[in-house]
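Chemist: Please find one structure pasted underneath; my questions will follow.
The values are calculated or read from the model by the stated rules, or taken from the named source; none is laboratory data. Remember, predicted model here, so these are calculated numbers, not experimental data. Cβ sites come from the backbone with ideal geometry, for glycine too, and all protein chains shown count toward neighbours.
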4 protein chains.
Amino acid sequence: MQKKRAAILGASGYTGYDLLRLLLTHPGLEISYLTAEKHAGRNICDVFPQMSGFLDMELMPLDAASVPDDIELVFLALPHGTSAAVVKELFERDIKIVDLGADFRLSPGTYTKWYGEHPCPELIEEAAYGIPEINRDSIKAARLVANPGCYPTSAILGLAPLVKNALIDTDAVVVDSKSGVSGAGRSPSLDYHFCEVNEGVKAYKIGEHRHMPEIEEVLSNYSGQNVKVSFTPHLIPMDRGILSTIYVKLNEAKSNGELLSLYEKHYKEERYIRISPEKVYPSTSQVRGSNFCDIGLRVEPSNNTAVIVSAIDNLVKGASGAAVQNMNILAGFEESEGLEIPPVFP
Amino acid sequence: MQKKRAAILGASGYTGYDLLRLLLTHPGLEISYLTAEKHAGRNICDVFPQMSGFLDMELMPLDAASVPDDIELVFLALPHGTSAAVVKELFERDIKIVDLGADFRLSPGTYTKWYGEHPCPELIEEAAYGIPEINRDSIKAARLVANPGCYPTSAILGLAPLVKNALIDTDAVVVDSKSGVSGAGRSPSLDYHFCEVNEGVKAYKIGEHRHMPEIEEVLSNYSGQNVKVSFTPHLIPMDRGILSTIYVKLNEAKSNGELLSLYEKHYKEERYIRISPEKVYPSTSQVRGSNFCDIGLRVEPSNNTAVIVSAIDNLVKGASGAAVQNMNILAGFEESEGLEIPPVFP
Amino acid sequence: MQKKRAAILGASGYTGYDLLRLLLTHPGLEISYLTAEKHAGRNICDVFPQMSGFLDMELMPLDAASVPDDIELVFLALPHGTSAAVVKELFERDIKIVDLGADFRLSPGTYTKWYGEHPCPELIEEAAYGIPEINRDSIKAARLVANPGCYPTSAILGLAPLVKNALIDTDAVVVDSKSGVSGAGRSPSLDYHFCEVNEGVKAYKIGEHRHMPEIEEVLSNYSGQNVKVSFTPHLIPMDRGILSTIYVKLNEAKSNGELLSLYEKHYKEERYIRISPEKVYPSTSQVRGSNFCDIGLRVEPSNNTAVIVSAIDNLVKGASGAAVQNMNILAGFEESEGLEIPPVFP
Amino acid sequence: MQKKRAAILGASGYTGYDLLRLLLTHPGLEISYLTAEKHAGRNICDVFPQMSGFLDMELMPLDAASVPDDIELVFLALPHGTSAAVVKELFERDIKIVDLGADFRLSPGTYTKWYGEHPCPELIEEAAYGIPEINRDSIKAARLVANPGCYPTSAILGLAPLVKNALIDTDAVVVDSKSGVSGAGRSPSLDYHFCEVNEGVKAYKIGEHRHMPEIEEVLSNYSGQNVKVSFTPHLIPMDRGILSTIYVKLNEAKSNGELLSLYEKHYKEERYIRISPEKVYPSTSQVRGSNFCDIGLRVEPSNNTAVIVSAIDNLVKGASGAAVQNMNILAGFEESEGLEIPPVFP
């Protein structure tokens, strides 16, 4: 079978690199075009010596019009606000697009409230929200996928079985997330200087992070309930991984076993969701470098509360892996192509 | 003034070391006697080369009867269950005791439920619970102080102003704590092997950690309300520090400014509590090596919830620093002696 | 093509896991039998939750006689001293063996001097030393490969072009190696407790590490010169990676460009050696999770010395990746099967 | 005794902070004036929340003329090139100055070769090089001290006993240094972004680092021999600490015991040098936060070589601690004032 030609716009960040890493093992795709605004004109191997021996390609400046005609698949790993204009131009062509940015994740109203005016609101309804585990049919039917945020992925997958089955008080959901530093991107700043991050943990943007409305809107749409979340992200001293610890109030009594069964049943067909046994809670180190979301949970019977723990690699299931999974659906590949690399440990 | 002679029983762990580090800067104390069961017969400098040039002393086997007669102050940094018998024997003498273990922190009933039968329940009522910021008078009046657990310290100091003023729903308190690895002690085990901890984060003992009843009982006693906590501890890849992120439901509307003022007022006289400005949340790296508990918070006005973040160094304010502070109160020193070392950063 | 059935004896350590990770992407092999002495009877997914969804297999006790008859390929990832007896029994059968331990790396005399009496010295001459880049023909001709030590791999690959071409004073070679902690294995001990390793760096076994005679003997055999090395290993706070910084005295003046050309030419056909451009020195982070050895160098013209820097992932090119590469040669697969996973970064 | 008023020019970097940390425990000094170019107008506690409760002071712009008249002691922690002009102006007054930058460390010729033209070469001869252990008398006699570089401190202290006693081949000294990231300062750049540094080790500026001529010149002056060093610095993923592993050729046979005795004798009177017992090599974690330089060594009898390992905290003995020690000598305090804080561990 002839390989489909793919482009990555925004290839010099951590997400761009992880796309390269995964796509190089994909049998149906050929990486044919790369852009990187800051590094235009340099070879990808100068920016990522890791790529030496795998890919010998010049980075081009970002310009939608210059994307070659034979490109069939496009991944956008651009700062938010930048994607929309590019998508607008590419959407005219017969191209499948996965946008890893935030521009097409939210409804127009929510977008405007949290990000400001949208550059091409008319395209928002063309975009499918890219969590296959809750939205596969929409993705199949679309040409444009809005790849989800990293925090939302971990929170939504952790909560989906509960909200779908109307098992919890949707007014009192607490999501406490802990992220590695790669989630903040590759641009240097004092906040992510090694010595500022190492040997410390802190909360940031409490109740004000843009991923909060994404979690709420997606879960509300998915469940038909109005889901309200108290979301606090934390930065911890590691490269990769997000652990979300989720606190919910159950509407009725459930045992650990019952709730675990519900999760297992809900995700039975899902290759990239793994449910931990009772009393076992996943570490992000068990999904490192892989596309899995591992979920564990515990019910507190004395007051009908439950704690759900969900672990992903923020760069894989939280970004590039999800993007490959979504593109596989869009482009008609096996959903698991390029994603069957086991976790790296330690 | 003649220095008082002090002993540390259990000097070879991380808590023992941090006691040494602090006490060596204390003008009123002289470290005179050390025990370390596993290392008896060795010099403290063989166990901690860090101590070379500061202290040249042989480690003795643990035996309450062998503690010299001229010892006036005793710190116990022993595995729980071990302290009680030692305390029983030492309490007969005219000695001030700070026990860093769990044996005297809980009421007899709660202790039995979570730890099993108590070896000397009759002494429990002699012990003051050692958080001076909520319990200074009891400590002054006691001869035996139960030094608090590290997680409870961060949770209790974060919640004290709220429960004391009856401002929250005490049935729906969530405490999500993130701890560095030194909290697990110095005994080798696979769980704390470098490669198992590094580059990962996980929850453990959800709803089952023995520090949960300690938080609940202490806050209930302090506030006269029945405080119920959902407590989830996490292990993160750093040496020192605990960050507790606390989620509460407010009984009435408060602004950020009002709640911050309340905290500032509540802790106005407390040297070791620092309140962060609005929209600033503390990192554990700003208390590293020091006796401070730094607290920040944010109110979510749309649903009367609040998030409180409290940061301590688990080995200092969460263990040895608190022990020195407690002993200063017991022994009549200035409360800050040995504790005025600024944080180490980075 | 029918897959060949493979066994891993000693599957529960970090090297065992990395073998699984790589072999699961190998099209010609089927993992069919696993042993793990300490974990016998448990499922591999209980020991490594990372494997869930990939492999569902019980760990067997170590017993050469119980290795099924249909096993064609065996990897041994056992403590040294344990391998030899197993190899002895398996060698009777028509099986290809890669031993990741130290038992067959050295000549009988050197082995005895550094490790003690050898359990089956008669088999030593059957074993090929497993660095394909210097020894491919011997490996092809063998049934048993002694997989090299991690430090020796980095040192030997860094020095091979120089000693082969008789360019340096072989009496004055300094090898200063920095290793991540996974090189020490997965058995808990105080030395590798998180807090003992984190935020520190130390040298150990200076001039006494068993990898020193391995470096010397292999390079001497390879070059026909008597190579003498001053070897100092260091432990640094990271999971994976070895960087060896090698100091040599050149026999004659060379420019940076000349020496780089020599390395490029020497390794021109080698898939897993990458030479860095002038003034660029590799970080271990550019080979993480991959089978590459990246090499950079600088000549000091004022006194005809050179510094060579070689970076590997100790668990891949320094252990499991090399084992797969060796087995591919032994078993007639493409040498790169199972090894074309790009590095993980960050 | 009245405290002397001290200023820190350049207080917002890691070195500036560590000066504050140490000086706050100094009984003879009062911190009275701070500058920080980038943060002028802000309170020190906004830049370092760590300082809250210790120091409440506005940061001033850098301007030598504005340093108040009553300042008696000045520490300069400025980028190199910036110090010289400031020193020139302050030197006119009756002020004791410790310059933590590079401007006065080298002879005019060496300075020009490595850094370019010197702004006030006439002052170079007024400056004493600030390693008290080799240069105490010069420091006592001076008004201006050039505080040494962090790498040079570790290398010079490790080599001083050998070169002073003419025991080694001074043409063939290898210094392989491993540094934590704080040595690179607090300015954000991609090189020191958390994810670029974490989980990796690399060499940089091989044979070209400006600390190399400093090591050579200082040791040559100290020993009367022409010392030539091959110096390779490495960056490792930790905050603090430098370990230098030094390889030398002995002029005559020595045993481990003999060489250790020589070091012990050489440094007998030195509070901040600790010699490790035979076969024990220091970790940087045993000097963390303290002013010690710990040294271990091993002789290889077969070829008369020796390996010396020296460990410091780069921010203390390698910067701020040395500055305090030097200022104590300049200003007539006890040399140990402000420096008797034990190491922080873990």
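Chemist: Name the single residue that is modelled with the highest pLDDT among those in region C:281-303 being part of a loop (DSSP other than H, G, I, E, B) and either surrounded by fewer than 16 Cβ atoms within 10 Å (Cβ to Cβ) or basic (Lys, Arg) (or both).
Modeler: Among those residues, the one meeting the criterion is C:ARG288.
Chemist: In a loop (DSSP other than H, G, I, E, B), more than 9 Å from every other protein chain (Cβ to nearest Cβ) and of a type in the set (S, T, N, Q): does that describe C:THR170?
Modeler: Taking the combined requirement at face value, the residue satisfies it.
Chemist: Within region B:265-285, is even one residue touching a Cys at 6+ places or on another chain (Cβ under 8 Å) and touching a residue at least 60 places away in the same chain (Cβ under 8 Å)?
Modeler: Our first condition is that a residue be touching a Cys at 6+ places or on another chain (Cβ under 8 Å); within region B:265-285, this holds for B:272-274.
Narrowing the set further to residues that are touching a residue at least 60 places away in the same chain (Cβ under 8 Å) leaves B:272-273.
Yes, some residue in region B:265-285 is touching a Cys at 6+ places or on another chain (Cβ under 8 Å) and touching a residue at least 60 places away in the same chain (Cβ under 8 Å).
Chemist: Filter region B:230-265 down to the residues that are outside any helix (DSSP H, G or I), more than 15 Å from B:ALA166 (Cβ to Cβ) and polar (S, T, N, Q) and list them by number.
Modeler: Listed by number, the residues that qualify are B:SER230, B:THR232, B:SER244, B:THR245, B:SER255.
Chemist: Check region D:105-123 and report whether any residue there is within 14 Å of chain C (Cβ to nearest Cβ) and modelled with pLDDT of 95 or more.
Modeler: yes
Chemist: Check C:GLU300 against each of (1) closer than 19 Å to C:ALA160 by Cα; (2) charged (D, E, K, R); (3) free of Cβ contacts under 8 Å to residues at least 12 places away in the same chain and name the one condition it does not meet.
Modeler: So C:GLU300 meets the others, but not (1).
Chemist: Just to be sure, is D:TYR192 touching a His at 6+ places or on another chain (Cβ under 6 Å) and either at the interface with another protein chain (Cβ under 8 Å from one of its Cβ atoms) or on the phi < 0 side of the Ramachandran plot (or both)?
Modeler: yes
Chemist: State the number of residues belonging to region D:206-229 that are in a helix (DSSP H, G or I) and either within 14 Å of chain C (Cβ to nearest Cβ) or buried (at least 19 other Cβ atoms within 10 Å of the Cβ) (or both).
Modeler: Of the residues in region D:206-229, 10 are in a helix (DSSP H, G or I) and either within 14 Å of chain C (Cβ to nearest Cβ) or buried (at least 19 other Cβ atoms within 10 Å of the Cβ) (or both).
Chemist: Moving on to the next point. Look at region D:266-279 and say how many of its residues are in a loop (DSSP other than H, G, I, E, B) and more than 10 Å from chain C (Cβ to nearest Cβ).
Modeler: Number satisfying all stated conditions: 9.
Chemist: Let me ask you something else. What's the number of the only condition in (1) part of a loop (DSSP other than H, G, I, E, B); (2) within 14 Å of chain B (Cβ to nearest Cβ) that A:ARG186 fails to meet?
Modeler: (2)
Chemist: State whether the residues of region B:136-147 include one that is within 14 Å of chain A (Cβ to nearest Cβ), on the phi < 0 side of the Ramachandran plot and buried (at least 20 other Cβ atoms within 10 Å of the Cβ).
Modeler: No - not one qualifying residue is present in region B:136-147.
Chemist: Tell me which residues, restricted to region D:134-152, are β-branched (Val, Ile, Thr) and over 15 Å from D:ILE312 (Cβ atoms).
Modeler: Across region D:134-152, the qualifying residues are D:ILE139, D:VAL145.
Chemist: Let me ask something additional. Only one of (1) among the hydroxyl-bearing types (Ser, Thr, Tyr); (2) in contact with a helix residue (DSSP H, G or I) (Cβ under 6 Å, 6 or more places away or on another chain); (3) surrounded by 24 or more Cβ atoms within 10 Å (Cβ to Cβ) fails for D:TYR263. Which number is that?
Modeler: All conditions pass for D:TYR263, except number (3).
Chemist: Just checking, does region C:26-38 include any residue being within 14 Å of chain A (Cβ to nearest Cβ), of a type outside the set (S, T, N, Q), assigned to a helix (DSSP H, G or I) and within 27 Å of A:LEU339 (Cα to Cα)?
Modeler: The answer is no, given that none of the residues of region C:26-38 is within 14 Å of chain A (Cβ to nearest Cβ), of a type outside the set (S, T, N, Q), assigned to a helix (DSSP H, G or I) and within 27 Å of A:LEU339 (Cα to Cα).
Chemist: Hey, another quick one. Could you list, in sequence order, all residues of region C:32-47 that are crowded, with 23+ Cβ neighbours inside 10 Å and under 23 Å from the mean Cα position of the chain (by Cα)?
Modeler: Hits for region C:32-47 are C:LEU34, C:THR35, C:ALA36.
Chemist: Can I ask one more? Of the residues C:ALA306, C:ALA322, C:ALA311, only one is part of a helix (DSSP H, G or I) and either on the phi > 0 side of the Ramachandran plot or modelled with pLDDT of 95 or more (or both); which?
Modeler: C:ALA322
Chemist: State yes or no: is C:PHE194 crowded, with 19+ Cβ neighbours inside 10 Å and within 21 Å of the chain's Cα centre (by Cα)?
Modeler: No; evaluated as a whole, the condition is false for this residue.
Results for (1) within 30 Å of B:GLY109 (Cβ to Cβ); (2) of a type in the set (S, T, N, Q); (3) at pLDDT 95 or above, shown as yes or no for each residue.
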residue	(1), (2), (3)
B:LYS178	no, no, yes
B:ASP191	no, no, yes
B:ASN198	no, yes, yes
B:LYS202	no, no, yes
B:ARG210	yes, no, yes
B:GLN225	yes, yes, yes
B:SER230	yes, yes, yes
B:GLY241	no, no, yes
B:SER261	no, yes, yes
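Chemist: Separate question: Being of a type in the set (A, V, I, L, M) and under 22 Å from the mean Cα position of the chain (by Cα) is the filter here, so list the residues in region A:1-31 that pass it.
Modeler: If the condition is that a residue be of a type in the set (A, V, I, L, M) and under 22 Å from the mean Cα position of the chain (by Cα), then A:ALA6, A:ALA7, A:ILE8, A:LEU9, A:ALA11, A:LEU19, A:LEU20, A:LEU22, A:LEU23, A:LEU24, A:LEU29, A:ILE31 are the ones that fit.
Chemist: Every residue in region C:67-82 that is modelled with pLDDT of 95 or more, touching a helix residue (DSSP H, G or I) at 6+ places or on another chain (Cβ under 8 Å), part of a loop (DSSP other than H, G, I, E, B) and not charged (D, E, K, R), please.
Modeler: C:VAL67, C:ALA77 - these are the residues of region C:67-82 that are modelled with pLDDT of 95 or more, touching a helix residue (DSSP H, G or I) at 6+ places or on another chain (Cβ under 8 Å), part of a loop (DSSP other than H, G, I, E, B) and not charged (D, E, K, R).
Chemist: Report, by residue number, each residue of region B:83-138 that is under 20 Å from the mean Cα position of the chain (by Cα), assigned to a loop (DSSP other than H, G, I, E, B) and not hydroxyl-bearing (Ser, Thr, Tyr).
Modeler: Scanning region B:83-138 gives B:LEU100, B:GLY101, B:ALA102, B:ASP103, B:PHE104, B:ARG105, B:LEU106, B:GLY130, B:ILE131.
Chemist: Scanning region B:139-162 for residues that are assigned to a helix (DSSP H, G or I) and not aliphatic (A, V, I, L, M), which turns out farthest from B:GLY180 (Cα to Cα)?
Modeler: Only one residue tops the list, namely B:LYS140.
Chemist: Continuing with the same structure: Output the number of the condition that A:GLY180 fails; it satisfies all remaining conditions of (1) farther than 30 Å from D:ASP239 by Cα; (2) in contact with an Asp or Glu (Cβ under 9 Å, 6 or more places away or on another chain); (3) surrounded by 19 or more Cβ atoms within 10 Å (Cβ to Cβ).
Modeler: (1)
Chemist: In this structure, is A:THR153 without any contact (Cβ under 8 Å) to a residue 12 or more places away in the chain, among the β-branched types (Val, Ile, Thr) and away from every other protein chain (no Cβ under 14 Å)?
Modeler: No.
Chemist: Assess whether C:THR15 counts as being within 14 Å of chain A (Cβ to nearest Cβ), surrounded by 20 or more Cβ atoms within 10 Å (Cβ to Cβ) and β-branched (Val, Ile, Thr). Before the answer, list the steps.
Modeler: On the way: within 14 Å of chain A (Cβ to nearest Cβ): yes; surrounded by 20 or more Cβ atoms within 10 Å (Cβ to Cβ): yes; β-branched (Val, Ile, Thr): yes.
So C:THR15 passes the test.
Chemist: Moving to a separate point now. Please verify whether region D:234-246 includes one or more residues that are of a type in the set (D, E, K, R), crowded, with 22+ Cβ neighbours inside 10 Å, farther than 30 Å from B:LEU55 by Cα and touching a helix residue (DSSP H, G or I) at 6+ places or on another chain (Cβ under 7 Å).
Modeler: So far as region D:234-246 goes, no, none of its residues is of a type in the set (D, E, K, R), crowded, with 22+ Cβ neighbours inside 10 Å, farther than 30 Å from B:LEU55 by Cα and touching a helix residue (DSSP H, G or I) at 6+ places or on another chain (Cβ under 7 Å).
Chemist: Out of all the residues in region B:300-312, is one or more acidic (Asp, Glu) and within 14 Å of chain D (Cβ to nearest Cβ)? Give the derivation first.
Modeler: Here is the first cut: in region B:300-312, the residues acidic (Asp, Glu) are B:300.
From what is left, the residues that are within 14 Å of chain D (Cβ to nearest Cβ) are none.
No - not one qualifying residue is present in region B:300-312.
Chemist: If you scan region C:48-79, which residues turn out to be within 14 Å of another protein chain (Cβ to nearest Cβ) and either β-branched (Val, Ile, Thr) or surrounded by fewer than 15 Cβ atoms within 10 Å (Cβ to Cβ) (or both)?
Modeler: Of everything in region C:48-79, just one residue is within 14 Å of another protein chain (Cβ to nearest Cβ) and either β-branched (Val, Ile, Thr) or surrounded by fewer than 15 Cβ atoms within 10 Å (Cβ to Cβ) (or both), namely C:ASP56.
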